[in-house]
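J.: This is the structure I have questions about; it appears just below.
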Ligand SMILES: Cc1ncc(C[n+]2csc(CCOP(=O)(O)OP(=O)(O)O)c2C)c(N)n1
Ligand SMILES: [Mg+2]
């Protein structure tokens, strides 16, 4: 008896499951013609839940005095997790460089960051590997994974991204530069800087420009600021191809990211993605972080997984409980960890240089 397996699409992790029936259709989830195998869908779901549970606990930390300020990515998990799993992770120009923003926690979790490392930053512990307790939460920095330090000053990452992309273009190979920011930030000149530097004739750069459009810049509604239908239309005069994608949908996001990365890797030219996403807890703790009624990507994926019979209600409950246990264990662990000492704020600000030897007392390294 011949068995037919239909694989409608495969991602980096794509593998069709055989459900054991003749003429079997691969198990997985779909959006329109696009498909994700069960293995990838379940992996994305777990990352999204772990990240969401961590973020919700961090919001509580901001209210209970276990931390002071929260900003993060609830509502961006579907796109961000799909991005993180497809990054070519490593150190140096052979690998992807990431210039992220403060809502990218699910990208880091997908890349393998333990939840405790964001919680350490939220609690401002000296053990925080991103900033040694000296920056806001979700302001990641990881030189082993080419994650350039995140700044709260919005959009400057778009002016820096061409720098790593120039190195990659000169170096050869297929490493790309991925830069992510919000919709309102595109009003800054840094966004134009990125388009101009990425499209210099004969010097085009492998930059994937990602705009996470949540419809808000703190309290300014998108429609009161932008007259264009889509932000990717800004790339058209520069010849930058682009796509608008439903960032709440991990299937659509996965494939749009895959297409965008393939373009940048092989053509060594820029590409723009605009992900329409939700902002589930307002801008930050400064606006009270109230829950909004925007569509919730975790709920939407769970409905798809149930419909596809890949998970049932009990299975989903168990994954949420495991995530909560992981987060609570992290909270307990960090209580035992040291806080930064007075004076630590000036350490590790700049890489050691010749100038430091001449002016050892001056941390800026400037005469
Ligand atoms: C250069 C600069 N200007 C203003 C601010 C204050 N600020 C912080 S977040 C923000 C809005 C950002 O909106 P958007 O780019 O859409 O990102 P979102 O927070 O919605 O993800 C502003 C104006 C800042 N941090 N940096
Ligand atoms: Mg926004």
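Each value in this text was obtained by applying a stated rule to the coordinates, not by laboratory testing. No experiment lies behind these values; they were computed from the predicted model shown. Cβ atoms come from the backbone with ideal geometry, glycine included; neighbour counts cover every protein chain shown.
J.: Given region 180-235 reduced to its alpha-carbon atoms as identical point scatterers, what log10 I(q)/I(0) does the Debye formula return at q = 0.15, 0.16, 0.17, 0.25 Å⁻¹?
T.: Debye intensities relative to I(0), on a log10 scale: -0.45, -0.51, -0.56, -1.04.
J.: Sticking with this structure for a sec: Given the DSSP H assignment, sum -39500 (n - 2.57) over each helix run of at least 4 residues in the chain and divide by its residue total; what's the result at 222 nm in deg cm²/dmol, nearest 500? Provide the component values of the computation, followed by the final result.
T.: Values: 10 runs with 135 residues, N = 367.
Computed ellipticity for the chain at 222 nm equals -12000 deg cm²/dmol.
J.: Now for a separate question. Once you sort the root eigenvalues of the Cα gyration tensor of region 204-251 as a ≥ b ≥ c, which label holds: rounded (a/c under 1.5), prolate (a/b larger than b/c) or oblate (the other case)? All intermediate terms of the calculation are to be shown ahead of the outcome.
T.: Details: a/c = 2.13, a/b = 1.34, b/c = 1.59.
Judged from the Cα gyration tensor, region 204-251 comes out oblate (a/c at least 1.5, b/c at or above a/b).
J.: Could the peptides 60-69, 172-181, 151-160, 218-227 be put in order, highest first, of the mean number of other beta-carbon atoms found within 10 Å of their residues? Could you put the intermediate results ahead of the total?
T.: Numbers: 60-69: 14.5, 172-181: 23.3, 151-160: 18.0, 218-227: 10.8.
Per-residue mean Cβ counts within 10 Å order the peptides as 172-181, 151-160, 60-69, 218-227.
J.: Further question: Restricting things to alpha carbons, find the Rg to Rh ratio for region 35-173 using the Kirkwood radius for Rh.
T.: Values: Rg = 15.3 Å, Rh = 15.6 Å.
Rg/Rh for region 35-173 comes to 0.99.
J.: Something else: Calculate, in whole percent, how much of the Cα-Cα pair population of region 100-140 lies beyond 13 Å.
T.: Roughly 41 percent, rounded to a whole number.
J.: Starting with the highest mean, order 195-204, 240-249, 47-56, 75-84 by the number of other Cβ atoms within 10 Å, averaged over the residues of each peptide.
T.: Ranking the peptides 195-204, 240-249, 47-56, 75-84 by packing returns 75-84, 47-56, 240-249, 195-204.
J.: Then there is this: Which semi-axes, in whole Å and largest first, does the equivalent ellipsoid of region 100-232 have when worked out from the alpha carbon gyration tensor as the square roots of 5 times its eigenvalues?
T.: 26, 22, 11
J.: Please express the Cα-Cα pair-distance distribution P(r) of the chain as a list of whole percents, one per 10 Å bin, running from 0 to the bin with the greatest distance.
T.: P(r) for the chain, in whole percents per bin: 5, 23, 31, 25, 12, 3, 1, 0, 0.
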